[in-house]
1. Please indicate, with yes or no, whether at least one residue in region A:55-63 is modelled with pLDDT of 90 or more, outside any strand (DSSP E or B) and within 15 Å of ligand 1 (Cβ to nearest atom).
2. Determine whether residue B:217 is within 14 Å of chain A (Cβ to nearest Cβ) and surrounded by 13 or more Cβ atoms within 10 Å (Cβ to Cβ).
3. Say whether the condition of being within 30 Å of residue B:70 (Cβ to Cβ), without any contact (Cβ under 8 Å) to a residue 24 or more places away in the chain and part of a helix (DSSP H, G or I) is met by at least one residue in region B:148-160.
4. Which ones in region A:277-286 are out of contact with any helix residue (DSSP H, G or I) (no Cβ under 8 Å at 6 or more places or on another chain) and closer than 17 Å to residue A:304 by Cα?
5. Give me the helices (runs of 4 or more DSSP H) completely within region B:1-77, filtered to those with at least 2 residues that are in contact (Cβ under 8 Å) with a residue 12 or more places away in the chain, surrounded by 12 or more Cβ atoms within 10 Å (Cβ to Cβ) and touching a helix residue (DSSP H, G or I) at 6+ places or on another chain (Cβ under 6 Å), ordered by residue number.
6. Just to verify a result, which residue in region B:119-135, among those that are in a helix (DSSP H, G or I) and crowded, with 17+ Cβ neighbours inside 10 Å, is farthest from the chain's Cα centre (by Cα)?
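The values are calculated or read from the model by the stated rules, or taken from the named source; none is laboratory data. Owing to the predicted nature of the structure, the values given are computational and were not obtained by experimental measurement. Here the Cβ is made from the backbone with ideal geometry for all residues, glycine too, and neighbour counts use every protein chain on show.
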Ligand SMILES: Nc1ncnc2c1ncn2[C@@H]1O[C@H](COP(=O)(O)OP(=O)(O)OP(=O)(O)O)[C@@H](O)[C@H]1O
Ligand SMILES: [Mg+2]
């Protein structure tokens with residue numbers, strides 16, 4: 001149960017720098033989730049912690065001790081690879097037990113452990129198959145089982161559930177959540193999946209282009225994104241962005257854009273008034289828009305409904321506000337027809353403002 | 001003719017020319033050799049004129065101690081050559097499978113011996129082995145160590161060394177190619193699972209390379225049974241019969257002893273020996289697979 005500290009970690013491939021000083025502190029048995037668009041350096045970060053990539057600059061500390069010179073096997077960690085990385089010539093049982101057999105554990109113990117983790121991931125029937133005779137999802141579960149069988153103090157997961165169907169993914173996610181509570185290990189987890197990130201993480205780290213954009217609890221990131229990128233990345237469906245100018249009228253502060261003029265309240269208004277320039281981007285989450293025909297226009301957006309996507313209890317409306325697209329999350333019971341023009345009240349706590357030039361939160 | 005039937009026959013149609021060429025180029029000489037081995041055949045006769053003697057040539061050979069000596073030399077030569085070349089070639093490949101500056105030049109240099117004509121290789125080594133002016137003995141001499149009678153007393157060892165020098169690169173490049181096509185991530189997983197460098201080689205790399213290594217070894221084995229020029233140039237089979245491998249004996253039987261029938265029978269013995277080896281090897285892999293499958297089904301029934 002170590003603490004992990006990435007101290008100004010830099011990775012270069014030849015002349016190309018792909019990680020630019022990653023600064024990250026992970027407490028004892030914390031579940032850290034790395035998210036970010038494809039190619040932002042999540043796998044690279046993970047592989048450096050694992051010791052599979054050399055550290056170009058900076059240092060990795062585990063429990064205060066530098067480890068970047070250590071071989072992977074001396075770092076006491078288990079890893080699930082993005083491409084499974086199974087041993088093709090071994091069957092599932094041998095794949096799962098390889099680490100234990102290398103450590104020369106007694107055979108009875110190894111067999112028991114294999115049975116146990118195979119049952120956890122639902123692989124009991126396939127123990128004697130070779131990986132070549134398994135589906136993608138089954139292989140991914142073997143990779144998972146192999147990591148779980150190894151009682152390491154650090155677990156690294158590189159998109160371990162990406163190839164499972166929705167039901168199995170939900171099941172494994174729950175399994176992981178329970179496990180992370182029970183075993184109290186340090187886990188670093190890479191994913192593209194919003195729900196995985198939100199449900200599993202003690203701390204989410206959003207990366208973009210080799211930089212950490214923001215880190216914090218899921219709630220912090222969801223409620224107080226530091227910039228437009230994080231705001232757009234965390235949460236699903238993503239946040240709506242509308243261009244507008246800050247205006248002062250009758251002692252109140254407004255964001256005025258194409259087809260809307262929204263009154264700002266409290267601290268937001270104060271921050272907007274003192275901001276250096278007038279151009280801003282207004283951010284509102286689809287879930288912070290509430291259908292309300294009676295809402296006064298200074299606290300609402302007037303939207304033209306273009307398309308309605310039915311997703312069960314909720315529907316997602318694709319609308320236009322002036323020339324910009326806006327998504328709204330709505331109870332499916334609400335009678336809404338395409339082509340209608342409707343009013344949606346904006347939750348005053350759900351208003352985000354970003355500088356239009358450097359896109360940081362105001 | 002129905003379209004389905006035409007479709008079914010298409011592959012045979014395309015294969016036909018290849019089959020005809022195979023039949024002419026491969027089976028005809030082979031049949032000629034088998035036919036000739038049943039005859040008392042002198043180079044001055046055409047095959048039709050020669051007297052048919054049945055299995056006499058085979059029996060003669062079977063009772064000829066020189067034939068057995070030659071077969072034993074061939075087996076020993078092939079065994080040592082292939083074993084050493086496999087170990088050295090695979091070992092070198094494992095050693096040089098890394099991205100260090102200058103490695104590609106080194107690799108190219110390693111495969112140079114393979115590109116030299118066998119006759120040249122034979123001549124080269126004959127001079128190096130020369131008892132008085134050869135490189136080896138002169139070097140030993142300057143170190144104050146008495147010279148070795150390379151091509152006399154230790155002739156077989158000497159030709160084995162020369163062959164290893166020439167053909168280890170063959171194993172090396174094939175093993176290296178096999179090594180570089182291994183799944184990188186499986187090796188990374190092994191490193192995380194706690195495998196040392198040796199354990200990675202033993203449990204991951206070698207098993208995954210095995211199919212390539214088996215074929216490579218088989219190719220070298222077949223070649224080793226047929227090697228001729230290098231030994232001919234270096235020792236001419238001597239001293240005595242100590243380096244007279246079967247291929248050399250065949251050529252001498254045909255040219256020196258002028259017994260084409262016996263030479264043909266000898267070739268057939270060699271062919272049968274190779275066939276037995278190849279079939280044995282395939283049979284062994286088959287047997288292993290069958291055994292693994294059996295264990296698997298047994299286990300599945302248990303579960
Ligand atoms: N061996 C390499 N040589 C050069 N550039 C590399 C190498 N490996 C990765 N990169 C670059 O490093 C960047 C980060 O790659 P990485 O694999 O960490 O992305 P990722 O965040 O895991 O993406 P994904 O979500 O698609 O898996 C990418 O832009 C990639 O092109
Ligand atoms: Mg990745």
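1. yes
2. On the way: within 14 Å of chain A (Cβ to nearest Cβ): no; surrounded by 13 or more Cβ atoms within 10 Å (Cβ to Cβ): yes.
Considered against the rule, which asks whether it is within 14 Å of chain A (Cβ to nearest Cβ) and surrounded by 13 or more Cβ atoms within 10 Å (Cβ to Cβ), residue B:217 comes out as no.
3. yes
4. Of region A:277-286, the ones out of contact with any helix residue (DSSP H, G or I) (no Cβ under 8 Å at 6 or more places or on another chain) are A:277-279, A:282, A:286.
Result: A:286, single match.
5. Values: elements: B:3-22, B:28-36, B:56-62.
In region B:1-77, the matching helices (runs of 4 or more DSSP H) lie at B:28-36, B:56-62.
6. Restricting attention to region B:119-135, the residues satisfying the condition of being in a helix (DSSP H, G or I) are B:119-128, B:135.
Restricting the remaining residues to those that are crowded, with 17+ Cβ neighbours inside 10 Å gives B:121-122, B:124-126, B:128.
On the way: B:121: 17, B:122: 17, B:124: 22, B:125: 20, B:126: 22, B:128: 24 Å.
Per the stated criteria, the residue is B:128.
Rundown of residues vs (1) more than 15 Å from residue A:154 (Cα to Cα); (2) in a strand (DSSP E or B); (3) touching a strand residue (DSSP E or B) at 6+ places or on another chain (Cβ under 8 Å); (4) within 13 Å of ligand 2 (Cβ to nearest atom), yes/no style:
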| site | (1), (2), (3), (4) |
| --- | --- |
| A:2 | no, no, yes, no |
| A:6 | no, yes, yes, no |
| A:10 | yes, yes, yes, no |
| A:18 | yes, yes, yes, yes |
| A:22 | yes, yes, yes, no |
| A:39 | yes, no, no, yes |
| A:43 | yes, no, yes, yes |
| A:48 | no, no, yes, yes |
| A:53 | yes, no, yes, yes |
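So that you can scan it fast, the table gives a plain yes or no per residue for (1) within 14 Å of chain B (Cβ to nearest Cβ); (2) over 22 Å from the mean Cα position of the chain (by Cα); (3) more than 13 Å from ligand 1 (Cβ to nearest atom); (4) surrounded by fewer than 22 Cβ atoms within 10 Å (Cβ to Cβ):
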residue: A:9; (1), (2), (3), (4): no, no, no, no
residue: A:14; (1), (2), (3), (4): yes, yes, no, yes
residue: A:21; (1), (2), (3), (4): no, no, yes, yes
residue: A:24; (1), (2), (3), (4): no, no, yes, yes
residue: A:28; (1), (2), (3), (4): no, no, yes, yes
residue: A:45; (1), (2), (3), (4): no, no, no, no
residue: A:49; (1), (2), (3), (4): yes, no, no, no
residue: A:65; (1), (2), (3), (4): no, yes, yes, yes
residue: A:69; (1), (2), (3), (4): no, yes, yes, yes
